[in-house]
1. Using a basic spin-label model with each label point 7 Å from the Cα along Cα→Cβ, how many nm lie between K37 and S198?
2. Between G172, G105, G152, where does the largest GNM mean-square fluctuation fall for the chain, given springs only between Cα atoms within less than 10 Å?
3. Among S113, S84, S46, which one shows the biggest mean-square fluctuation in a GNM of the chain, springs joining Cα atoms closer than 10 Å?
4. Of all the stretches in the chain, which is the longest one without any exposed loop site, taking GluC sites (Glu not before Pro) in a DSSP loop (any state but H, G, I, E, B) with at most 14 other Cβ atoms within 10 Å?
5. Counting other Cβ atoms within 10 Å of each Cβ, which trypsin sites (Lys or Arg not before Pro) in region 54-99 have at most 15 and sit in a DSSP loop?
6. Roughly how many Å² is the accessible area per residue of the chain, as a whole number, for a 1.4 Å probe?
7. Using DSSP H assignments, which helices in the chain have an axial alpha-carbon span of 15 Å or above and a mean Kyte-Doolittle hydropathy of -1.0 or higher?
8. Within region 20-38, whose backbone N sits under 12 Å from a point 7 Å along Cα→Cβ of R115?
Amino acid sequence: MKGFIFDLDGVIVSTDGLHYLAWKQMADKEGIYFDEKINNRLRGVSRMASLEIILERSVREYSDEEKQTLATYKNDIYKELLKSLTPNDILPGVSETLKELRARGYKLAIGSSSRNTPQILKYIGLEGFFDAVSDGNNITNSKPDPEVFIKGAVFLGLESSECYVVEDAKAGVDAGIAGGFTTIALGDAYGYDKADFSIKHFGEILSIAK
Ligand code: BG6
Ligand code: MG
């Protein structure tokens with residue numbers, strides 16, 4: 001194995017709460033019921049696909065143009081909330097583990113559905129740290145489609161079979177499997193039986209990748 005592709009939201013940094021607050025404001029404005037359980041279903045899912053899930057609870061149909069307006073409304077709030085992120089928001093064990101993996105010779109990439117990936121990496125002080133970044137800005141198909149990870153491997157100059165994918169979303173683990181990667185599940189995806197490995201703490205990666 002030669003490389004790692006890490007999901008961003010929920011793996012490197014926890015942004016769920018911020019996504020929730022922004023979607024909640026949009027849903028409240030529209031009078032649509034939305035709670036944290038529904039928010040959990042948005043993990044790893046693209047912005048427009050997330051909106052479709054939220055609109056399942058709406059009493060009326062929305063045109064494509066209205067959907068675009070709602071997604072932009074949410075994203076404007078989310079972008080403001082992202083400004084509160086600092087390097088202290090990097091999840092426990094992540095910084096040390098990434099440094100050790102690099103010392104062991106692994107190439108490191110991000111594979112995220114988020115189009116806000118560049119801003120998030122900047123706020124948490126990891127801009128320029130990864131050898132490659134594949135995100136919502138360079139894909140047309142969101143997880144569970146493997147496109148974001150396959151492009152990440154290409155950007156690293158590696159084969160899928162040479163890379164681990166680290167994910168907190170079941171849809172992300174499915175994407176990794178579909179792309180021919182070895183998958184490591186954590187957080188919300190911990191215990192997902194399709195994953196090759198499940199870990200409770202990020203640092204356990206160091207026992208998998210010697
Ligand atoms: C994923 C998040 O990383 O990015 C999803 O887990 C989110 O919840 C998706 O919907 C798209 O994010 P963005 O920042 O492009 O709206
Ligand atoms: Mg995630």
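The values are calculated or read from the model by the stated rules, or taken from the named source; none is laboratory data. The structure displayed is predicted, hence computed values, not measured ones. Every residue, glycine as well, gets a Cβ built from its backbone with ideal geometry; the counts of neighbours run over all protein chains shown. SASA here: full protein model, heavy atoms, side chains in, ligands and nucleic acids out. Shrake-Rupley method; radii C 1.70, N 1.55, O 1.52, S 1.80 Å.
1. 2.1 nm
2. Result for the chain, Cα springs under 10 Å: G105 fluctuates most.
3. Answer for the Gaussian network model of the chain: S84.
4. On the way: sites that count: E56, E61, E127, E159.
Longest stretch, sites excluded: 62-126.
5. On the way: sites: R57, R60, K67, K74, K79, K83, K99; in loops: R57, R60, K83.
For trypsin sites (Lys or Arg not before Pro) across region 54-99 that sit outside H, G, I, E and B with at most 15 neighbouring Cβ atoms in 10 Å, the list reads R57, R60, K83.
6. Result: 47 Å² of accessible area for each residue.
7. Numbers: long enough: 16-30 (21 Å, -0.97); 64-82 (26 Å, -1.18).
Qualifying helices: 16-30.
8. none
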